[in-house]
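The values are calculated or read from the model by the stated rules, or taken from the named source; none is laboratory data. The structure presented is a predicted model; accordingly, all values stated were derived computationally and were not measured. For neighbour counting, all protein chains shown are included, and Cβ atoms are generated from backbone atoms with ideal geometry for every residue, glycine included. Keep in mind that these areas ignore ligands, DNA and RNA; they rest on the heavy atoms of the full protein, side chains included. Shrake-Rupley method; radii C 1.70, N 1.55, O 1.52, S 1.80 Å.
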Amino acid sequence: MMRFIGLVLIVTIIAASQKDPKELTGQSPNPSRLLEKEAQAALDLMKTAAAKEGIQLKVVSGYRSFTRQKQLWNSKYKKYELQGLEPEAIFDKIVEYSTIPGTSRHHWGTDIDIIDAHASYSGDVLVPSNFHGTGPFCKLKEWMEQQASNYGFELVYTDNDRRTGFKYEPWHYSYAPLSRKRYQDYLKNIDLVSFLRAEAIMGMDQISEERLHRYLEEHIKGINPQLKG
């Protein structure tokens with residue numbers, strides 16, 4: 001009997017740790033756009049530490065739903081379509097920086113885009129030049145390079161010529177203790193091509209299966225090795 005109870009407990013724990021596919025693709029309800037509790041707690045500790053160094057760590061993008069990502073994608077698609085680009089050229093242009101809806105790490109509640117609200121800035125904030133040279137967020141970047149991993153956060157899209165996929169994003173960090181598991185769950189549980197074919201995402205029906213598989217290999221897997229588990 002005790003062995004049976006133990007087996008039931010193990011199965012229950014494993015089941016509880018698994019994510020519903022709709023959570024992995026940003027399609028589950030999260031109207032308040034909350035980060036995972038553990039990620040938020042770590043972020044709060046990191047904010048407090050940064051504030052002691054005169055840095056006001058501000059999240060400009062945290063949790064993002066499938067619906068919101070789809071709005072962003074379709075808006076960009078329409079813009080490039082009006083410029084006369086063909087579907088695969090539009091696809092390639094968008095995925096330089098933006099993910100296909102249902103594939104964003106921001107769906108997991110583990111990833112954040114950050115700036116320093118104490119700094120003086122204007123215009124688009126999430127551009128690499130703001131984090132280098134005389135950019136307004138250089139102090140933030142230097143502090144994060146030294147301290148982020150102490151709070152569980154790792155840069156996702158590193159400045160590495162050997163890394164494939166999305167371009168360098170010095171603002172995008174992921175809470176590794178949770179996102180490593182989300183990443184593995186995503187690769188195991190989401191049939192990417194079937195999923196994207198079933199959703200009303202602009203242009204997706206005109207993108208080859210080969211190109212979608214390449215997106216999986218180059219973009220979804222093209223991350224900091226520290227986040228692969």
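Residues that are among the aromatic types (Phe, Trp, Tyr) and on the phi < 0 side of the Ramachandran plot: find the strands (runs of 3 or more DSSP E) completely inside segment 70-185 holding 2 or more of those.
Ranges flagged: 172-175.
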Hey, Leu196 open to solvent by less than 30 Å² (accessible area, probe 1.4 Å), within 21 Å of Leu72 (Cα to Cα) and in contact with a Gly (Cβ under 9 Å, 6 or more places away or on another chain) or not: yes
- request: List every residue pair whose Cβ atoms sit under 6 Å apart, with the two residues 6 or more apart in sequence or on different chains, where the first one lies in segment 111-130 and is open to solvent by 80 Å² or more (accessible area, probe 1.4 Å) and the second, anywhere, is polar (S, T, N, Q).
  value: His118/Gln56
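If a residue must be open to solvent by 30 Å² or more (accessible area, probe 1.4 Å), part of a loop (DSSP other than H, G, I, E, B) and of a type in the set (Gly, Ala, Ser), how many such residues does segment 39-67 contain?
Number satisfying all stated conditions: 2.
Here's the yes/no breakdown for (1) at pLDDT 95 or above; (2) among the hydroxyl-bearing types (Ser, Thr, Tyr); (3) buried (at least 17 other Cβ atoms within 10 Å of the Cβ); (4) under 30 Å from Ala117 (Cβ atoms):
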site: Gly165; (1), (2), (3), (4): yes, no, yes, yes
site: Arg180; (1), (2), (3), (4): yes, no, yes, yes
site: Tyr186; (1), (2), (3), (4): yes, yes, yes, no
site: Met202; (1), (2), (3), (4): yes, no, yes, no
site: Leu216; (1), (2), (3), (4): yes, no, yes, no
site: Ile220; (1), (2), (3), (4): yes, no, yes, no
site: Gln226; (1), (2), (3), (4): yes, no, no, yes
site: Gly229; (1), (2), (3), (4): no, no, no, no
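Can you find a residue that is at pLDDT below 95 and either under 16 Å from Pro101 (Cα atoms) or open to solvent by 30 Å² or more (accessible area, probe 1.4 Å) (or both) anywhere in segment 137-160?
Scanning segment 137-160, I find no residue that is at pLDDT below 95 and either under 16 Å from Pro101 (Cα atoms) or open to solvent by 30 Å² or more (accessible area, probe 1.4 Å) (or both), so the answer is no.
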- prompt: Considering segment 203-218 alone, what residues qualify as being more than 21 Å from Lys22 (Cβ to Cβ) and touching a residue at least 60 places away in the same chain (Cβ under 8 Å)?
  reply: Gly203, Gln206, Ile207, Ser208, Arg211
statement: The residue that is nearest to Asn150 (Cα to Cα), considering only those in segment 20-29 that are open to solvent by 40 Å² or more (accessible area, probe 1.4 Å) and part of a loop (DSSP other than H, G, I, E, B), is Asp20
message: Here is a list: Tyr151, Tyr157, Tyr173. Which entry is more than 22 Å from Asp44 (Cα to Cα) and either in contact with a Pro (Cβ under 8 Å, 6 or more places away or on another chain) or of a type outside the set (S, T, N, Q) (or both)?
response: Tyr157
